Amino acid sequence: MFAVMKTGGKQYRVQAGDVLRVEKLAADAGEKIQFNEILMVGSTVGTPLVDGAGVQAEVIDQIKGEKVIHFVKRRRKHSSKRTKGHRQQLTLLRVTDILEKGADKSGVKAAMGAGSVSGVAVAAAKPAKKAAAKKEAAPETKAAAPAKAAPKAKAADAGADDLKKLSGVGPALEKKLHAAGVTTFAQIAAWGADDIAEFDEKLSFKGRIEREGWVDQAKALAE
């Protein structure tokens, strides 16, 4: 049996015994992990995911990919050259089992990207999102008294971070995030894979969150 799973923004067709390299995961060598974003298992196609399906794997080692050289040369009066090297951090793992059902009750640790945070931190951040959403709704419930509602709006803005410091975020995207109840770097730093997928779909970011590395940037800015 084979499955098609998603991790690190990429899709992989796997079966038991396969050894593959994926974007770095927060796991140690010898640890068993489970991928829950399964797009297809055998002949069952997800919409977009297959409920209850999972792919379990054992982490072999944390490795680095081949070195990539990026060379830039500007032909100007004062010409300049710049060479940069990069080795992508990867996780080497072996697929041990493919579950068609019951993956949510297996008790195996869910695979998380190295830039993600623990499920405890994600759960702690969700009440903050709900509280922020209530603050956004407050001016609508008191439309009859706009003069009194204005100070509350200012108080909410005072506790918000400047989300435009994130790569690729301008006033328009910041406004979208605020409307969705996201106002601080701490909230974004606490996003896991499910949160990223949810906001990607809800706000039509088309993979921008992972592509720009917002979670890692937000963690650094929140410190």
query = Quick check: anything in segment 45-54 closer than 24 Å to Asp194 by Cβ and assigned to a strand (DSSP E or B)?
reply = yes
remark   = Residue hits (segment 2-22; surrounded by 12 or more Cβ atoms within 10 Å (Cβ to Cβ) and in a loop (DSSP other than H, G, I, E, B)) are Gly8, Gly9, Ala16, Asp18
request  = Out of Ala3, Ala27, report the one residue that is touching a residue at least 60 places away in the same chain (Cβ under 8 Å) and closer than 17 Å to Ile60 by Cβ.
outcome  = Ala27
message = For segment 27-48: of the residues being under 19 Å from Lys109 (Cα atoms) and surrounded by fewer than 17 Cβ atoms within 10 Å (Cβ to Cβ), which is farthest from the chain's Cα centre (by Cα)?
response = Gly30
In segment 55-71, residue surrounded by the fewest Cβ atoms within 10 Å (Cβ to Cβ) [restricted to those that are within 17 Å of Gly113 (Cβ to Cβ) and in contact with an Asp or Glu (Cβ under 9 Å, 6 or more places away or on another chain)] = Gln62
Matching entry among Lys135, Lys164, Lys130 (being assigned to a helix (DSSP H, G or I) and at pLDDT below 60) = Lys130
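The values are calculated or read from the model by the stated rules, or taken from the named source; none is laboratory data. Predicted, not measured: the structure shown is a model, and the values here were computed from it. Here Cβ is always computed from backbone atoms with ideal geometry, including for glycine, and neighbour counts include all displayed protein chains.
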